[in-house]
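Participant: Shown below is the structure under consideration.
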Amino acid sequence: MDSHDFDHEAHMEQAIDCAREAAARGDEPYGSVLVRDDEVVMHARNAVVTENDLRAHPELTLAKRAAAERDDASELVMYTSTEPCPMCSGGIAIAGLDAVVYSVSGERAAELRGGSPLLPSTEVFARGSDVEVVPDVLQEEGEMVHREHW
């Protein structure tokens, strides 16, 4: 199945739910799911605070798991509540995921939390990977999670 035919909104709702769960337990509001053939195969929530590990971003966690546990990483699409940071984008590219679909851009998330934007994921992916990016799916819903947290 072509990822363009996936139910982007349903999968993004799950990623946003993961972000809400992360925030509710004291972590920052980020969540992600991995999808193959329009079915969720893995999910993760931000755990930087609860695991005391600055690498515990959901995007990097899922990229690492996809690379280590699956032989179909190139057929996986990541849905994530917020555009991946440069560290996570690098992990996604190295893992060889097919695409990333996000709700809130990194630039907009930085505005909402009162910080400076990081390097956009598209610039990381443009440096030698074929990761497709689909932005702004359920953007208002994703922004609400940030507004509630910050």
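Values in this text are rule-based calculations from the coordinates and carry no lab data. Bear in mind the structure is a predicted one, so any value in this text is a computation, not a measurement. Neighbour counts are summed over all protein chains in view; Cβ atoms, including those assigned to glycine, are modelled from backbone coordinates with ideal geometry.
Participant: How much length, in nm to one decimal, is gained on full extension between Ile94 and Asp136, taken as 0.36 nm per residue of separation minus their Cα-Cα distance? Please report the intermediate quantities before stating the final value.
Facilitator: Values: separation 42, 0.36 × 42 = 15.12 nm, distance 2.36 nm.
Length gained, Ile94 through Asp136: 12.8 nm.
Participant: Where in segment 1-89 are there GluC sites (Glu not before Pro) that are in a DSSP coil and have at most 15 other Cβ atoms within 10 angstrom of their Cβ?
Facilitator: Working: sites: Glu9, Glu13, Glu21, Glu39, Glu51, Glu59, Glu69, Glu75; in loops: Glu51.
Here the GluC sites (Glu not before Pro) that fit, given the DSSP loop and packing criteria, are Glu51.
Participant: I've got another one for you. For the chain, what value does the Rg/Rh ratio take when both radii are computed over Cα atoms and Rh is the Kirkwood radius, given to two decimals?
Facilitator: Working: Rg = 13.7 Å, Rh = 14.8 Å.
With Rh from the inverse mean 1/r over Cα pairs, Rg/Rh is 0.93.
Participant: Same structure, new question: Against the longest alpha carbon principal axis of the chain, how many degrees, from 0 to 90 and to the nearest 10, is the axis of helix 8-24 turned?
Facilitator: The helix 8-24 is inclined about 40 degrees to the chain.
Participant: I would also like to ask the following. Starting from the amide H of Thr82, placed 1.01 Å from N in the peptide plane, find each other amide H under 5 Å away whose residue is 5 or more places distant or on another chain.
Facilitator: Gly31, Ser103, Val104
Participant: State the extension gain, in nm to one decimal, for the chain segment bounded by Asp38 and Trp150, taking 0.36 nm per residue of separation less the distance between their alpha-carbons. Mind showing how you got there, number by number?
Facilitator: Numbers: separation 112, 0.36 × 112 = 40.32 nm, distance 3.20 nm.
Full extension from Asp38 to Trp150 adds 37.1 nm.
Participant: Could you work out the percent of alpha carbon pairs in segment 102-150 separated by over 18 Å, rounded to a whole number? Write out the running numbers ahead of the final one.
Facilitator: Details: 418 of 1176 pairs.
More than 18 Å apart: 36 percent of the Cα pairs in segment 102-150.
Participant: Once Rh for segment 41-107 is found with the Kirkwood sum over Cα pairs, what is the Stokes-Einstein diffusion coefficient at 20 °C and 1.002 mPa s, in µm²/s? If you can, show how the numbers build up before the last one.
Facilitator: Numbers: Rh = 11.9 Å.
Taking Rh from Cα pairs, D becomes 180 µm²/s.
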